[in-house]
Amino acid sequence: MELYLKVRLACAEGLSQRSAAKRFNVSRDTVRKMLSFSSPPGYRRQAAPCRPKLDGFVAIIDGWLDGDRGVPRKQRHTAKRVFDRLRQEHGFTGGYTIIKDYVREREQRSREMFVPLAHPAGDAQADFGEALVEIGGVTQKAHFFVLDLPHSDGCYVRAYPAAVAEAWVDGHIHAFAFFGGLPRSIVYDNDRCLVAKILPDGTRQRASLFSAFLSHYVIRDRYARPGKGNEKGNVEGLVGYCRATSWCLSRSSRPGRRSTCGSRSSAANVRTTSCGESETIGERLQRDLAAMQPLPASPFEACDQTSGRVSSQSLVRYKTNDYSVPVAWGHQEVWVRGYVDEVVIGCRSEVIARHPRCWRRDEVIFDPLHYLPLIEQKINALDQAAPLQGWELPEAFATLQRLMEARMHKHGKREYVQVLRLLESFDIADLQVAVEQAIDLGAVGFDAVKHLVLCRVERVPPRLDLDVYPFLPRTKVEKTFARAYMSLLSDGQKAA
């Protein structure tokens with residue numbers, strides 16, 4: 001550049017091109033080019049380069065690479081694979097470099113271009129991600145729901161055991177409660193929990209639970225094209241950031257990335273420099289909140305609903321697991337509601353069983369109380385009853401069972417089950433105290449335990465006649481006199 005300036009100044013002052021070439025020791029052609037361009041123009045190709053060894057094979061290469069669009073990425077042709085096939089199948093005699101350069105140039109020409117998107121206040125994007133987490137010392141996979149407000153970078157993240165339809169809906173409900181309003185529209189991908197089918201005209205046939213959710217909140221749903229996560233890039237970036245970093249209750253100050261929102265106040269004090277923004281997240285969030293719709297009076301019930309029948313073992317199948325119900329409802333038609341953390345089973349208008357939801361497969365979830373009435377009738381099944389296996393009761397219950405069986409044999413087993421059935425009406429803490437009192441008093445029997453737990457609940461002193469136990473306190477029966485019956489007569493009858 002310095003030589004260009006000297007030559008051009010000298011010629012501008014009247015020096016001829018021949019003299020300038022001699023003075024600066026360059027050719028006259030170079031001087032002529034320096035006068036034509038203010039800076040070195042660089043090499044300029046006048047025509048496309050000739051590739052005589054490659055041109056005859058371009059159509060073959062393009063056919064192979066075009067066909068790769070429908071196969072997994074790891075099975076597509078590399079430049080080395082193209083080179084080997086051309087030599088083996090078509091007698092190619094050129095070198096590997098021209099093949100590599102052609103494949104690279106073709107990939108560059110075919111790369112997709114994107115339109116910058118605007119994000120009005122009040123719009124949102126939602127997605128699900130997954131990450132390995134450690135809970136209670138056990139490493140397991142967690143699925144997390146993410147709702148992002150692209151206008152302000154406000155976000156909400158909540159973890160779930162699985163990315164099922166009810167988790168999608170439950171995540172929305174908690175996000176709406178966190179922000180205190182409803183987004184005007186939400187962009188989704190084509191997750192099967194949301195979209196049952198993409199119709200030929202491009203419209204979506206929504207899944208039933210998701211459709212009912214949208215109808216309840218009156219939200220406009222929009223969808224990215226299949227496999228085009230860039231159309232909701234903000235939430236995709238948030239999913240990646242959550243996967244790569246620890247979740248916390250405060251916002252990170254790292255530009256353009258954010259962690260889980262724990263409170264609005266924390267979001268309002270953090271600045272972001274992404275995309276040239278100088279406002280705080282909190283300032284932009286206020287515009288988002290102002291554009292949102294108000295929440296309805298009642299939240300949507302985020303549950304999967306189905307029906308079933310109680311089996312002969314008093315079990316109801318839901319998804320891949322079996323849940324118990326009281327034996328009195330055997331062989332009945334029931335309805336099942338699957339929440340994220342609970343399974344509720346009912347018959348007609350009555351709820352008959354509740355269980356924590358199991359996310360494993362092929363498990364049987366028992367409530368021992370459901371089977372006690374049947375075990376009381378079939379007492380020989382007591383020791384092998386699967387619903388009672390692993391039932392962790394206080395040690396006093398095992399002591400009571402041993403004493404009852406030693407004193408009353410088979411009848412003692414039945415009375416022990418009757419004691420367990422008191423848990424249908426009383427808290428286990430109260431029953432445990434009653435059992436311990438009965439053991440201390442030597443009053444080992446159902447009647448005594450029931451009497452003691454009733455006295456504890458009603459806060460009255462127990463009245464056990466230990467001299468005649470196992471019978472309850474004697475009833476004092478007085479003699480009956482004829483005049484006592486006169487009180488049953490009316491006044492008119494007495495006068496007659």
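The values are calculated or read from the model by the stated rules, or taken from the named source; none is laboratory data. From a predicted model like this one, the values you see are computed outputs, not experimental measurements. Quick reminder, even Gly has a Cβ in these numbers, built from the backbone with ideal geometry, and neighbours come from all protein chains shown. Calculation scope for accessible area: heavy atoms of the full protein, side chains included, ligands and nucleic acids excluded. Shrake-Rupley method; radii C 1.70, N 1.55, O 1.52, S 1.80 Å.
Hey, if you put +1 on the Cβ of every Lys and Arg and -1 on every Asp and Glu Cβ in the chain, which of S215, A124, Y371 ends up farthest toward the positive end of that dipole?
A124
With +1 on each Lys and Arg Cβ and -1 on each Asp and Glu Cβ, how big is the dipole of segment 37-89 about its Cα centre, in debye rounded to the nearest 20?
240 debye
Towards the positive end of the charge dipole of the chain, with charges on Cβ (+1 Lys, Arg; -1 Asp, Glu), say which of A177, L464, L65 has the farthest Cα.
Towards the positive end, the residue furthest out is L65.
Straight-line reach from K450: which aspartates and glutamates have Cα under 14 Å away, leaving out those fewer than 8 places along the same chain?
Those aspartates and glutamates meeting the cut-off are E415, E424, D427, D430, E436, E458.
Dipole of the chain, Cα-centred, from +1 at each Lys and Arg C-beta and -1 at each Asp and Glu C-beta, to the nearest 20 debye?
3140 debye
Output the 0 to 90 degree angle, nearest 10, between the alpha-carbon long axis of helix 208-217 and the longest principal axis computed from the alpha carbons of the chain.
Long axis of 208-217 versus the principal axis of the chain: about 90 degrees.
Helix 395-408 versus the longest principal axis of the chain: what angle, 0 to 90°, nearest 10, using Cα atoms?
Roughly 40 degrees, rounded to the nearest 10.
222 nm [θ] for the chain, helices only, -39500 (n - 2.57) per DSSP H run of 4+, per residue, to 500?
My calculation for the chain gives -11000 deg cm²/dmol from helical runs alone.
Just check the chain against the gyration tensor rule for me: Cα atoms, a ≥ b ≥ c as the square roots of the eigenvalues, rounded for a/c under 1.5, and otherwise prolate or oblate depending on whether a/b exceeds b/c.
It is prolate, given that a/c is not under 1.5 and a/b is the larger ratio.
With every protein chain in place, what's the accessible area of L5 (1.4 Å probe, Å², nearest 10)?
90 Å²
So what does E231 come to for accessible area, using a 1.4 Å probe and Å² rounded to 10?
Around 50 Å² of this residue is reachable by solvent.
Kindly identify segment 319-362 as rounded, prolate or oblate by the Cα gyration tensor criterion: order the square roots of the eigenvalues as a ≥ b ≥ c, call it rounded if a/c is under 1.5, otherwise compare a/b with b/c, prolate if a/b is larger, else oblate.
It is prolate, given that a/c is not under 1.5 and a/b is the larger ratio.
Report, in debye and to the nearest 20, how large the dipole of segment 291-441 comes out about its Cα centre when Lys and Arg carry +1 and Asp and Glu carry -1 on their Cβ.
In debye, rounded to 20, segment 291-441 gives about 560.
With every protein chain in place, what's the accessible area of K319 (1.4 Å probe, Å², nearest 10)?
120 Å²
Expected output is a single nm value to one decimal: the length gained when fully extending between E105 and D362, i.e. 0.36 nm times separation in residues minus the C-alpha distance. What is it?
Extending this stretch completely gives an extra 87.2 nm.
Could you tell me the calculated FRET efficiency between N190 and S39, based on Cβ-Cβ distance and R0 = 56 angstrom, to the nearest 0.05?
0.60
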